[in-house]
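Colleague: Sharing a structure here in structure tokens format.
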Amino acid sequence: MDNVEKSIMIYMKNENGVAVPIYVGKNDRVEAIYMEAATTRAIHRGSLKGKAFFHNGHRLKSTDVIGDVGIEHHDTVRLMSIGPHRQPSIQGDEILSLLNNKRDPGEA
């Protein structure tokens, strides 16, 4: 099986209801969705703070494997605010930190 067969198209939906299609691998971790979100106009770095992605009402952890949490081709993951009592895992704030460390040297 090649990479094309393992790829699925899903939609990331922001809090305003704007959905953006992305391609991810079924064996990728949910962290890949956060990385895509950080570089997408409809969902950008600043809008990830204090938020998490949800699928079918369940909060996705960045360490979850996309195929293992039941995400299928054409499914939608929703970006939603999370309460102050967050479970420890890499989420929006931590992804921002990772992305800021990978900036191009020319960025301000």
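Colleague: List S7, S81, S47 from most exposed to least, where exposure is judged by having the fewest other Cβ atoms within 10 Å.
Modeller: Ranked by crowding around the Cβ, least crowded first: S81, S7, S47.
Colleague: Same structure, new question: Only counting other Cβ atoms within 10 Å, I'd like T76, T63 sorted with the fewest neighbours first.
Modeller: By the 10 Å Cβ count, ascending: T63, T76.
The numbers here are math on the coordinates, done by the rules we state, and not lab data. Fair warning: this is a prediction, and the values are worked out from it, not measured in the lab. Cβ sites come from the backbone with ideal geometry, for glycine too, and all protein chains shown count toward neighbours.
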